[in-house]
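Below you'll find the structure, written out as structure tokens, and then a few comments.
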Amino acid sequence: MPFPETRLRRLRRTRALRDFVRETDVRASCLVAPIFVDASLERGRTAIASMPGVERLSLAETVAEAGELVALGIRSVLLFGLPTEKDESGSGAWDDDGVVALAVVAIKAAWPELLVITDVCLCEYTSHGHCGVLRTGSGGQETVDNDATLELLARVALSHARAGADIVAPSDMMDGRVGAIRAELDADGFEDVALMAYSAKFASAFYGPFREAADCAPSSGDRRGYQMDPANGREAVREALADVQEGADLLMVKPALAYLDVIAAIRAATLLPLAAYNVSGEYAMVKAAAAAGAIDERSVVLETLTAIRRAGADVIITYHAKDAARWLR
Ligand code: PBG
């Protein structure tokens, strides 16, 4: 029925009507708060210049932060570790006394009900900053050795599972890593540890601030040989379907805002829970614009999170988590 019988403004007239027909909501319980745990900090926190409001935390502060999150109604964290030492293969990543493993144990001891998700990758732990082991490929160029990296990633995931992680989240973009990690976890009795795959992780300029935060910028080259080309939407669906086949329990799209179409496409193509990562550069832009007085931070953040949910994400990993949880009360 066309106008004038149909008037879409009818249901926008009052706040009660708008609330009544709202299709999408954001709850604190669907937000995941990233935490940077820094093994070189004896105590306290250090600021991250490009990400105002986000800090690197000592182990004790990590536990305190977890408590603050719980009090705000946030029910999950994603842990990133900064080790004291790096090497060629990133061996610190699978150390049972490594920074992430220790943080998982400490958080679980204090807040057993908080969902602990760990980022499984080597780039914070390798001296060269790449997400896997390097070898000299055909043509004499250094390349990340896919198959040799799988075993190392499986070790990392296993060390996190042993520490008590609920969910391991590989972010390396090696082919076959979901299957390799699943097999390793199952072989060691961790069949109940879930796997959230960074399925469609793009080689994005929006990770800039994170690389400062986690000290993981590649010392040479870039990640385009393993992370996805931002131009490719169909390939993102192929990545997601491959992860489903290999046994992923949840999928993820990253970054979020420039990739809402990818979120929607994967939502339509699979039945798995879907996460979106509202990454560091997206956060830094909002913070900078708000500090400049150009936008209202609260409104922009809530609109952004709503849009990511509308696109099809069940879960949102975001540095705005604490602020958003306060605003959503
Ligand atoms: C590590 C990793 C990165 C991010 C999450 N895990 C950086 C990268 O791939 O270069 C980025 C997160 C963000 O920007 O907030 N592989």
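Answer with yes or no whether R267 is buried (at least 17 other Cβ atoms within 10 Å of the Cβ), closer than 28 Å to E88 by Cβ and basic (K, R). Before you say what the answer is, go through the steps one by one.
On the way: buried (at least 17 other Cβ atoms within 10 Å of the Cβ): yes; closer than 28 Å to E88 by Cβ: no; basic (K, R): yes.
Judged against the criteria, R267 is not a match.
Considering only residues that are out of contact with any His (no Cβ under 9 Å at 6 or more places or on another chain) and assigned to a strand (DSSP E or B), which ones fall in segment 77-104?
If the condition is that a residue be out of contact with any His (no Cβ under 9 Å at 6 or more places or on another chain) and assigned to a strand (DSSP E or B), then V77, L78, F80, G81, L82, D87 are the ones that fit.
In segment 207-244, how many residues are in contact (Cβ under 8 Å) with a residue 40 or more places away in the chain and either in contact with a Leu (Cβ under 7 Å, 6 or more places away or on another chain) or of a type in the set (S, T, N, Q) (or both)?
Total meeting the criteria: 7.
Suppose we filter segment 178-213 for residues that are within 11 Å of the ligand (Cβ to nearest atom) and not in a loop (DSSP other than H, G, I, E, B); how many remain?
Residues meeting the conditions: 12.
Mind checking which residues of segment 46-76 are closer than 12 Å to A213 by Cβ and not in a loop (DSSP other than H, G, I, E, B)?
Listed by number, the residues that qualify are T46, A47, E55, R56, L57.
Filter segment 136-169 down to the residues that are more than 16 Å from the ligand (Cβ to nearest atom), touching an Asp or Glu at 6+ places or on another chain (Cβ under 9 Å), over 21 Å from A103 (Cα atoms) and at pLDDT 95 or above and list them by number.
Within segment 136-169, D147, E151 meet the criteria.
Does segment 12-30 contain at least one residue that is under 20 Å from the mean Cα position of the chain (by Cα), of a type outside the set (A, V, I, L, M, F, W, C) and modelled with pLDDT of 95 or more?
yes
Would you check which residues across segment 288-314 are crowded, with 21+ Cβ neighbours inside 10 Å and in contact (Cβ under 8 Å) with a residue 60 or more places away in the chain and list them?
Once the filter is applied, which keeps residues that are crowded, with 21+ Cβ neighbours inside 10 Å and in contact (Cβ under 8 Å) with a residue 60 or more places away in the chain, segment 288-314 yields L305, A313.
Tell me which residues, restricted to segment 105-156, are in contact (Cβ under 8 Å) with a residue 60 or more places away in the chain, part of a loop (DSSP other than H, G, I, E, B) and not hydrophobic (A, V, I, L, M, F, W, C).
Once the filter is applied, which keeps residues that are in contact (Cβ under 8 Å) with a residue 60 or more places away in the chain, part of a loop (DSSP other than H, G, I, E, B) and not hydrophobic (A, V, I, L, M, F, W, C), segment 105-156 yields E124, S127, H128, G129, H130, G132.
Would it be correct to say that G90 is surrounded by 20 or more Cβ atoms within 10 Å (Cβ to Cβ) and closer than 30 Å to I308 by Cα? Explain how you work it out, then say what you get.
Details: surrounded by 20 or more Cβ atoms within 10 Å (Cβ to Cβ): yes; closer than 30 Å to I308 by Cα: no.
Spelling it out, it is not the case that G90 is surrounded by 20 or more Cβ atoms within 10 Å (Cβ to Cβ) and closer than 30 Å to I308 by Cα.
Of the conditions (1) touching a residue at least 12 places away in the same chain (Cβ under 8 Å); (2) of a type in the set (A, V, I, L, M); (3) outside any loop (DSSP other than H, G, I, E, B), V26 fails just one. Which one is it?
Just one mismatch for V26, condition (3).
The values are calculated or read from the model by the stated rules, or taken from the named source; none is laboratory data. Keep in mind that this is a model prediction, so the values were computed, not measured. Here the Cβ is made from the backbone with ideal geometry for all residues, glycine too, and neighbour counts use every protein chain on show.
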